[in-house]
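Peer 1: A single structure is presented below for examination.
The values are calculated or read from the model by the stated rules, or taken from the named source; none is laboratory data. Since we're looking at a predicted model, the values are computed, not measured. Here the Cβ is made from the backbone with ideal geometry for all residues, glycine too, and neighbour counts use every protein chain on show. Areas reflect the complete protein model, heavy atoms only, side chains present, ligands, DNA and RNA absent. Shrake-Rupley method; radii C 1.70, N 1.55, O 1.52, S 1.80 Å.
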There are 4 protein chains.
Amino acid sequence: MYNFKNDYAEGAHPSILERLTKTNLVQQAGYGEDEYSLQAKEILKEKLGNKWATIHFVSGGTQANLLVISSLLRPHEAVISAASGHIFTNEAGAIESVGHKVIAVPTKNGKITSADIEKTLLAYQLKPHVVKPRVVYISNTTEVGTVYSKTELQDLYTQCKANDLLLFLDGARLGHALMAPGSDLLLEDVSRFTDVFYLGATKNGGLLGEAIIFNHSAVGQEFEFVMKQKGALLAKGRLLGVQFLSLFEGDLYMELAQHANLMAAKIAKAIQDSGHQFLSAPQSNQLFPILPMPLIQKLLEKYQFYIWQQVDETQAVVRLITSWATPEMIVDDLIKDIRLYKQDEVVSNPS
Amino acid sequence: MYNFKNDYAEGAHPSILERLTKTNLVQQAGYGEDEYSLQAKEILKEKLGNKWATIHFVSGGTQANLLVISSLLRPHEAVISAASGHIFTNEAGAIESVGHKVIAVPTKNGKITSADIEKTLLAYQLKPHVVKPRVVYISNTTEVGTVYSKTELQDLYTQCKANDLLLFLDGARLGHALMAPGSDLLLEDVSRFTDVFYLGATKNGGLLGEAIIFNHSAVGQEFEFVMKQKGALLAKGRLLGVQFLSLFEGDLYMELAQHANLMAAKIAKAIQDSGHQFLSAPQSNQLFPILPMPLIQKLLEKYQFYIWQQVDETQAVVRLITSWATPEMIVDDLIKDIRLYKQDEVVSNPS
Amino acid sequence: MYNFKNDYAEGAHPSILERLTKTNLVQQAGYGEDEYSLQAKEILKEKLGNKWATIHFVSGGTQANLLVISSLLRPHEAVISAASGHIFTNEAGAIESVGHKVIAVPTKNGKITSADIEKTLLAYQLKPHVVKPRVVYISNTTEVGTVYSKTELQDLYTQCKANDLLLFLDGARLGHALMAPGSDLLLEDVSRFTDVFYLGATKNGGLLGEAIIFNHSAVGQEFEFVMKQKGALLAKGRLLGVQFLSLFEGDLYMELAQHANLMAAKIAKAIQDSGHQFLSAPQSNQLFPILPMPLIQKLLEKYQFYIWQQVDETQAVVRLITSWATPEMIVDDLIKDIRLYKQDEVVSNPS
Amino acid sequence: MYNFKNDYAEGAHPSILERLTKTNLVQQAGYGEDEYSLQAKEILKEKLGNKWATIHFVSGGTQANLLVISSLLRPHEAVISAASGHIFTNEAGAIESVGHKVIAVPTKNGKITSADIEKTLLAYQLKPHVVKPRVVYISNTTEVGTVYSKTELQDLYTQCKANDLLLFLDGARLGHALMAPGSDLLLEDVSRFTDVFYLGATKNGGLLGEAIIFNHSAVGQEFEFVMKQKGALLAKGRLLGVQFLSLFEGDLYMELAQHANLMAAKIAKAIQDSGHQFLSAPQSNQLFPILPMPLIQKLLEKYQFYIWQQVDETQAVVRLITSWATPEMIVDDLIKDIRLYKQDEVVSNPS
């Protein structure tokens, strides 16, 4: 049984474990002051083309989200998110737990637009009886696998600045977004067109870790206090430093994301060729094809994946996720199984 | 320069890295449902002699403290801690951040007694104008390196039960406490005489990780929700599972703590032999000797450690910490340097 | 200009001010232990037919909501509310501020049904990645002026009990709901078919005050602590006690609500007679008629009220609220102005 | 039995009730936008000699404290208070409930000095493992009845400004402090030498109410949101507006405080004349005399007051509080009873 449920079913890219082993007994300062963390941050700042950036490494996405948002907001302020946004749906109330409302905006494809912001601001005018929107939270890739173009991000940022809003990008799968076929968005653009964002390692080759990047000094001041207070400051920060060093000193991070995307694209093509539709157009390493139930049942005998939502009695949307570790051989098997079903069906239909 | 500042300056025990490497590409369920975590929990329950225990692995001590305390308390309830307790002094307001007051109790040696509880309860009678004490937090070893005897823990637990209080033990260094020379406290006792406690790996051979153990079903219900909400649920829970499996399937955890204690005891003996006093009697891997300033200056040329508090112009308390990774050779060097100073002094004094 | 914007534009029913004046210099215990509060609570318990009830007086509705909800929920638990519910729309994030998500349920008329609960529970199954629904919050009258029948409330309560949910009724306008023409719901029913509710005085003749009623001992334990902690415990609790005593020792509370309802019903009839529609059927003291813009403009010359939402260029929904203090003479004026417009229109149409 | 336990045992100054009655049926805007509130704020600003001040009326002291502090602090910041400070001892964890640690400073007489600040800042250097002190909270009069001189307040403010700290003065009994015999502190000084403070009406002639004053625009922005969110924004803000108008349009507020102080001074003199000592020197309307137990027992037959702390078997500190409503006749009776005891004793002693 191969698992297409998520992109965190394996451990880490082997080079990370090797480096952890090699540096294991070198004594280092604690709490993120180790030399690997410091070096990784310098490298990242260079890749961002942003010397004003301040960077912090934390363990996971929910943690990153609650830390950043609680550091940005005053008590009465709120965060705008797509209704499909991770902070609204799948973080067990993390943002509310630190005192803030998440204002959910319905979207077509998981992406927030300038118009969504405008509409939301209009709906939150009855001061002081409503919360005050102050942060816009977006994910790239989104929770349905779509990606923002450079123009989309720039427009959104311009809209935010015009309305004294901060733009925060959840990059748990930012590598996959940047390496999406046809994407014109660069890492430097993300640093220019957001106030704060993070680059996720957990879902792209790390054991754990997200690199939070504050792009300018108006945000993120004294963030270490908030990290310590919320239990996010690891005594052995080297664990995070070594990983980001391995992922970013060369191009490993982008290569791993590209591999995941390529594997997904191969599967997507096979599905399309077989005449199936998608809930949202395939762009990155998450696929949401609409498949007939018999095919789904057949695939579930050999592969693990989630049935995302039932369309009707005969078909359902499923979610297939590839990762840095997905073997091409398994992908080819899956494709064969998908195509095979189609042939069966074609044969049986005439009778 | 060898670092005696803390017990988290190195990575992990090599066997942990080996096992992480060996299991790296085995696909596993996320969020703590991996087979290593499940197996490690079974082993732990057996070692505790407590089949009712429920166990959760988290990343660090501050995180463990805020998760446990926020899961135990209603909004108006508070936690009693020694004034030297980590939650009161060194967690950047983590407990207050989740809404609760920490009631600080002055102690002689970092340990809370039955009498302290009684006195505190008397001082918090003016309902509803005061907070309601509900949890007692203790550390073992304490922040000054002392340890609780079995009788001390049992007395405290009896006092807690008599007053409808929950007893929570911070075991960031519980291995060192249990392996302290002369300690009669067993792991099973800790599970019997507390409501909840944790076993720390971060400071005893792991990369990160604390195993939180709820000893009975009246506490810890639905704890996974709280973990997820506070950003403590790792997608790759295998990272924690593999570590606790390595540390507890045999006796590694206790052996590593014993090594740290032995190294400290050797140093302590040399210091005592040289005629120096201690702030608190040496019991575990943290030493608080009172040393003359010239000796301190001399040692600082070769070793890193904290000057804990100035006693007067001629002497200060310093903190020396040994760990699972402290090489005996370095300890012997340090001892030589300590004894050497004494001889110099002896020689020079008569003149 | 007469104000139909809300039901809190005047002070208090004169008998309340008289009683405050008469008892003014009698020394009383503070913090709700005064004899007026104690007596008012006894009277209320009798009227509820519920000797197990515990009662607390607080200053306002938002305060009551956040106190009750924070006392009922553990950190990971959430409250279900209609999307039109006051806690979701108009309390500046009060519930999120005490750490909890409000799960918004779209409704047709502001009322939550058993089916809504069932659907919500189904959507919140992915433990521990989602919040856990634990409280259902309803308003009666609702924010759009509708009322729950006895059967509706009983069904909802049965559904809650079947799913281990607590039912909390916001009764800021409960008097108006109970006195609504055709309502079969009695005060005793509310005490039987909810876990906790409150009776609002602020909008029904008091200067300020809501009486929170916990119907059984499984809820509301140690509530005074929470009141004190959130700044809700008045030093001079007599101010609230005297008011509830005045409102409930006889039938004043119900009489005042009935007056408000009657005034609204007169206006509603005139609007209907004039051929206008309503957003929701008029049931209590809040009316949401759909009026032509010229009529609205005309009325705004003499009366204050909110334009609730624009329907199209020619008409809008407006909100008219009557209160215990609304003079019948003003209502008759308003009716005349409404009918007059209709006549004008009738006259002008044939031409 | 006359009650000397506190200064909130009666209702309000009669002129307040009269004005409430007189204005009762005038329709007013809600939520603090009524004309009485607006007018009272203008008058207050003039009396403060501070046209930049922004003013908000809330219900009580605990509420004022938690609102102000939560509006001033970021999550990791903390408030410094005397160990006897109300927020540390008697507010059921209100400040912790909004997420912040209260750093308690031991004092001799309830007053914080520049030196206390310096010492505290030194103790909180271990960034980011400790909270960051940001607000200094003081009470005037203090919880033990002492008052700050102009120089003391100015020194403290200078120290705060030198260390980027905000100074917040709890003025639940500020009238009594300003009218204390020998006090050189003026209301204008308080507005100049603090960042934010409040003037309490609850304990000085009002039914309820504290006027929070932010002295400059760097603090208190968007405070209405926080008020609404924490349940502090009264729908009928007129109730507070009318009271502050009555208390401040003339000199009533200061006159009422002066009366309380005078009554206390008379009692204090009699106690001193009778040879008894005080825990802290009598300065305002709270007295802490040390009395022999037989006298205490005798007085308790006719008067209610708190035994504050037992000194030894023969004597105890008691707390006597006078108010705006304390009748001089009762004070004279009390004095007679105190002197009488002394005479008895004098008579019996020689034998």
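Residue-wise test of (1) within 23 Å of A:Ala232 (Cβ to Cβ); (2) open to solvent by 20 Å² or more (accessible area, probe 1.4 Å).
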{"position": "B:Ala162", "(1), (2)": "no, yes"}
{"position": "B:Ala180", "(1), (2)": "no, no"}
{"position": "B:Ser183", "(1), (2)": "no, yes"}
{"position": "B:Leu186", "(1), (2)": "no, yes"}
{"position": "B:Leu208", "(1), (2)": "yes, no"}
{"position": "B:Ala218", "(1), (2)": "no, yes"}
{"position": "B:Leu234", "(1), (2)": "yes, no"}
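Peer 1: Quick test for you: out of B:Ile69, B:Ile87, pick the one residue that is within 14 Å of chain A (Cβ to nearest Cβ), part of a helix (DSSP H, G or I), in contact with a strand residue (DSSP E or B) (Cβ under 6 Å, 6 or more places away or on another chain) and farther than 13 Å from B:Val196 by Cα.
Peer 2: On inspection, the qualifying residue turns out to be B:Ile87.
Peer 1: Please tell me if D:Tyr137 is away from chain C (no Cβ under 14 Å) and touching a Pro at 6+ places or on another chain (Cβ under 6 Å).
Peer 2: Considered against the rule, which asks whether it is away from chain C (no Cβ under 14 Å) and touching a Pro at 6+ places or on another chain (Cβ under 6 Å), D:Tyr137 comes out as no.
Peer 1: Here is a list of conditions, (1) open to solvent by less than 60 Å² (accessible area, probe 1.4 Å); (2) under 30 Å from C:Gly32 (Cα atoms); (3) not polar (S, T, N, Q), and B:Leu166 meets all of them except one; can you say which number that is?
Peer 2: All conditions pass for B:Leu166, except number (2).
Peer 1: Which ranges mark the strands (runs of 3 or more DSSP E) fully within segment D:278-341 that have 1 or more residues being closer than 19 Å to C:Leu25 by Cβ?
Peer 2: Passing ranges, in order: D:315-321.
Peer 1: Working carefully through the options C:Glu46, C:Glu96, C:Glu18, find the one that is part of a helix (DSSP H, G or I), in contact with a strand residue (DSSP E or B) (Cβ under 9 Å, 6 or more places away or on another chain) and assigned by TED's automatic domain parsing to the domain that holds C:Asn215.
Peer 2: Every option except C:Glu96 fails the conditions.
Peer 1: Can B:Thr120 be described as open to solvent by 40 Å² or more (accessible area, probe 1.4 Å), assigned to a helix (DSSP H, G or I) and assigned by TED's automatic domain parsing to the domain that holds B:Ala218?
Peer 2: no
Peer 1: With the checklist (1) touching a residue at least 40 places away in the same chain (Cβ under 8 Å); (2) not assigned by TED's automatic domain parsing to the domain that holds D:Gly171 in hand, flag the one item D:Trp308 doesn't pass.
Peer 2: (1)
Peer 1: Residues being on the phi > 0 side of the Ramachandran plot and away from chain C (no Cβ under 14 Å): count how many of those fall in segment B:209-224.
Peer 2: So the answer is 1.
Peer 1: Turning to a different aspect of this structure: Do we have any residue at all in segment C:49-60 that's at the interface with another protein chain (Cβ under 7 Å from one of its Cβ atoms) and not β-branched (Val, Ile, Thr)?
Peer 2: Yes.
Peer 1: Could we say that D:Leu25 is within 13 Å of chain C (Cβ to nearest Cβ) and open to solvent by less than 10 Å² (accessible area, probe 1.4 Å) here?
Peer 2: When the stated conditions are applied, D:Leu25 does not pass them.
Peer 1: Which one is farthest from D:Leu233 (Cα to Cα) among residues in segment D:1-11 that are within 7 Å of chain C (Cβ to nearest Cβ) and part of a loop (DSSP other than H, G, I, E, B)?
Peer 2: Ranking the candidates gives D:Asn6 first.
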